[in-house]
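All remarks here apply to the structure that follows.
Each value in this text was obtained by applying a stated rule to the coordinates, not by laboratory testing. Predicted, not measured: the structure shown is a model, and the values here were computed from it. Using ideal geometry, Cβ is built from the backbone for each residue, glycine included, and neighbour counts are taken over all protein chains shown.
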Amino acid sequence: MKQFRSFYIAALAVVGVGLIGTSFVPKAHADAWDKKTIVTVNEPIIAGNKVLNPGTYVWRLLDSQSNRHIVQIYDRDQRHLEETILAIPNSRLQPTGNTEFAFWETPAGVPKAVRAWFYPGDNFGQEFAYPKKLVAQLASAAPAPVPASYREPEPAPAPEPEAKPEPAPEPQPAPEPAPTPEPATPAPQAQATPAPATPPAALPHTASFSPLIGLLGVASLSLAGLLAFATKRA
C-alpha cells in the first residue's frame with residue numbers, strides 16, 4: 001500500500017507538471033513567433049527614424065505571414081506604438097542565447113543608431129537602414145565636442161579704427177576780381193637846396209695889393225680903348 005501510494009503521488013506530480021508546462025506553451029510560442037523582446041536602455045539611441053530616450057521598450061515583429069521584417073517598438077506597457085521600421089534580412093554565423101544589437105557609427109554628440117537586432121538562438125535577424133537625414137539633423141544641432149587638451153585662445157587685440165577719409169571741401173564761390181589800383185602819382189621830389197657858400201676866408205694880413213693894382217690898370221686900359229672907339233665912330 002505504501003508503494004502504491006508513493007507511485008500514485010508521483011504520477012499526480014508528473015501530470016501536474018505536464019499541465020503547468022502546457023499552460024506556458026502558447027506564451028512561449030507567441031514570443032518565438034513575434035520575437036517579443038523587452039529592451040531597457042540607459043542612454044538615448046536611434047531606432048529607425050526615432051530617438052528613444054532612456055527607458056524600457058518592447059520590440060517585436062508585426063504579426064504578418066507575408067513579411068517577417070517589420071519591427072514594431074512599443075512602450076513598456078505596450079499601449080503606445082513608438083516606431084514601425086521596415087527592416088531587411090541580416091544573418092550571423094554563430095547564434096547566441098542572448099539578444100544582440102549592432103550599431104552604426106555616428107558623429108560625436110549624436111546618439112548611437114541601431115543597425116541590427118538578433119533574437120536569441122536565431123542566426124538571422126533584422127537590419128535597419130542608416131538614418132542619414134536624422135543623423136545630419138542631430139549633428140547640426142549638437143554642440144561641437146571639446147577636446148581634453150583644449151586651451152582657451154587668448155583674446156585678439158581690438159583692431160585699430162580705420163582713419164576716415166576727410167570730407168571733400170565744399171566748393172567756394174569764385175572771388176570777385178580786385179579793382180585795378182590807379183597808378184600812384186609820384187611824390188614831388190624835394191629840390192636840393194644848395195648849401196650856402198662859405199664866405200671866403202679873410203686874406204692874411206701878409207698878402208700884397210699888387211694884383212689888385214694890376215687889375216685896375218687893365219680895366220682902365222679897356223675903358224680907354226672903348227672910349228676911343230666910340231669917338232671915332234661919332
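Model label sites at Trp104 and Ser140, defined 7 Å from Cα along the beta-carbon direction, differ in position by 1.7 nm. For the residue pairs Lys36/Lys133; Lys50/Lys133; Lys112/Lys133; Lys36/Lys112; Lys50/Lys112, the C-alpha atoms sit more than 18 angstrom apart in Lys36/Lys133; Lys36/Lys112. Subtracting the Cα-Cα distance of Gln94 and Asp77 from 0.36 nm times their residue separation leaves 2.9 nm of extension gain. By the count of other C-beta atoms within 10 Å, a proxy for reagent exposure, Arg79, Arg60 are ordered fewest to most as Arg79, Arg60.
A simple spin-label model places pseudo-atoms 7 Å from Cα toward Cβ; at Phe124 and Lys112 they are separated by 2.6 nm. Among residues other than Trp59 with Cβ under 9 Å from its Cβ, the summed charge is +3 (Lys and Arg +1, Asp and Glu -1).
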